[in-house]
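Here's the structure, in structure tokens; my notes come after.
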Amino acid sequence: MNYTPGFNPKFGTLGASVAAHWPEAPVLKSRNNKKTDTLGIALSGGGYRSAIFSYGVLRGLHELGVLNQADYLSVVSGGSWIGTASAMADNLKYFFEVPADRANFMEEGFESLLVNPLRLLEEAALTRPDNNYVSDLYGRLIARTFLREHGDFSRYNPLTDATLIHDADRPFLLINGTLHFRRPDTFDITEECFEMNRLYCGSRSLGYVDTKSLLADDDTIRIRDAVAISGAAVAAHVPGLGDEVSGHGLSREIINFAAGQPTPFPNAPRADRLDVDDGGKYNNLGVESLVNRGCGYIIVVDAEHDPEHKDRKKSGQKYEGLRTLMGRNHIPQPDFVIQELDAANEPVHLVSGKNTVPDILYVKLKSMAAFDKAAAKQRYNRPSFMQNLFGRGEFAFDPQFSTAKLDYGFAEHRNLTELGTFMVRQNAKLFTAFAAKSK
């Protein structure tokens with residue numbers, strides 16, 4: 001497959017027949033062979049807050065057997081850090097183990113990233129100076145932090161490496177970025193979802209190309225490149241000279257794989273290179289890729305930075321990612337849905353769709369009184385002598401700490417993981433019944 005305009009003839013059509021058009025169809029058939037509807041899981045952006053929380057949710061889904069029933073795992077930004085690591089794990093039982101006396105997989109990763117500033121200097125010196133220097137450096141650090149199970153293989157092997165990204169016993173991985181380009185004779189920058197997986201990469205309006213043919217400078221796109229693209233929140237784009245778009249920060253350049261091709265939408269970009277960065281710039285939930293493949297059932301894990309303004313009945317959150325989807329008519333539901341989702345202490349909700357709208361099992365990162373009560377008894381949450389002395393002994397946990405917060409404590413980190421697992425366990429019957437609907 002060198003280039004194809006697209007695999008889905010009609011975006012928004014649901015059903016297993018839509019997934020059958022895509023190159024991963026043999027993989028899906030060998031695993032679950034759904035006849036009617038497929039099941040997707042979406043992990044939102046939200047930096048390491050999303051990675052930690054999503055780790056806990058995936059752990060709960062693994063315990064229930066729901067993770068194995070899912071056909072797709074669509075990940076964005078912070079969700080891609082843990083989603084890609086889970087797709088590469090050789091042993092999921094070990095991967096999701098949360099020992100009481102030592103750090104778990106995610107905690108070990110963040111500790112290695114934050115306490116070793118010398119590594120940043122070493123990686124900066126080893127990174128090749130080219131157009132993608134900053135993105136390359138970021139990708140090297142991300143790979144060492146989250147994809148470290150496979151050592152240098154995860155740092156240098158291409159995204160096409162089927163020995164690293166497993167899908168025979170787990171969902172097919174879709175990593176989402178945001179593509180920035182300018183169509184001829186316009187100064188405006190177009191943004192759209194850029195989908196990456198081990199078989200192909202591309203977008204709905206520009207078409208798709210075999211992953212081994214997609215070049216970032218002179219290199220075939222690597223696993224670390226895809227994860228770095230998806231999580232490159234610190235990036236900005238401005239119109240450049242001629243037909244170019246100039247990317248700054250963690251942005252990455254790729255070749256224009258659609259140049260001279262019959263693209264699905266007219267007026268394809270003429271620039272030699274295209275710019276891609278954080279999937280959250282287009283949408284932070286990762287749902288479009290699943291709709292594009294016709295998933296009739298979607299579990300959405302929303303860990304965006306969405307502070308609570310809580311009263312007795314409502315959490316008072318904004319749901320920006322979901323509102324963006326509604327604005328694009330991907331999930332055309334009225335505001336009463338958000339009002340229902342925003343119930344205080346109720347993080348898991350079933351939103352029933354129609355023939356053209358997937359059924360959504362929505363998991364929202366918010367505080368939960370039942371969890372606080374249970375977690376306060378954990379050893380790592382019990383107040384120390386000094387805390388008691390200065391009147392800080394009462395258990396307090398704010399799950400919505402900022403993406404930019406770097407001085408997280410062990411208890412804060414562990415609580416966020418356990419919160420995700422707790423939510424799934426508390427709603428086990430709902431999750432298992434929802435997964436069973438996709439047949």
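Within segment 395-421, track down each residue that is of a type in the set (A, V, I, L, M, F, W, C) and open to solvent by 40 Å² or more (accessible area, probe 1.4 Å).
Answer for segment 395-421, where residues must be of a type in the set (A, V, I, L, M, F, W, C) and open to solvent by 40 Å² or more (accessible area, probe 1.4 Å): Phe395, Ala396, Ala404, Leu406, Phe410.
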If Asp71 satisfies all but one of (1) charged (D, E, K, R); (2) open to solvent by less than 30 Å² (accessible area, probe 1.4 Å); (3) within 21 Å of Lys405 (Cβ to Cβ), what's the number of the condition it fails?
(3)
Would you tally the residues in segment 88-97 being assigned to a helix (DSSP H, G or I) and within 19 Å of Arg49 (Cα to Cα)?
1
Which residue out of Ala100, Ala143 is touching a residue at least 24 places away in the same chain (Cβ under 8 Å) and open to solvent by 30 Å² or more (accessible area, probe 1.4 Å)?
Ala100
Which numbered condition trips up Pro262, out of (1) open to solvent by 20 Å² or more (accessible area, probe 1.4 Å); (2) farther than 20 Å from Asp161 by Cβ; (3) in contact with a helix residue (DSSP H, G or I) (Cβ under 9 Å, 6 or more places away or on another chain)?
(3)
Test result for Tyr55, modelled with pLDDT under 95 and either part of a helix (DSSP H, G or I) or under 11 Å from the mean Cα position of the chain (by Cα) (or both)
no
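Condition check ((1) more than 20 Å from the chain's Cα centre (by Cα); (2) part of a strand (DSSP E or B); (3) charged (D, E, K, R)) across all residues:
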residue: Gly280; (1), (2), (3): no, no, no
residue: Leu285; (1), (2), (3): no, no, no
residue: Glu304; (1), (2), (3): no, no, yes
residue: Gln317; (1), (2), (3): yes, no, no
residue: Arg323; (1), (2), (3): no, no, yes
residue: Val337; (1), (2), (3): yes, no, no
Of the criteria (1) modelled with pLDDT of 95 or more; (2) loosely packed, with under 12 Cβ neighbours inside 10 Å, which one Met386 fails
(1)
Condition check for Leu164: within 19 Å of Gly109 (Cα to Cα) and touching a residue at least 12 places away in the same chain (Cβ under 8 Å)
yes
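The values are calculated or read from the model by the stated rules, or taken from the named source; none is laboratory data. This one's a predicted model, so the numbers in the text were calculated from it and none came from an experiment. Note that each Cβ is placed from the backbone with ideal geometry, even for glycine, and that neighbours are counted across all protein chains shown. Each accessible area value is taken on the protein alone, full model and side chains, heavy atoms only, with ligands, DNA and RNA left out. Shrake-Rupley method; radii C 1.70, N 1.55, O 1.52, S 1.80 Å.
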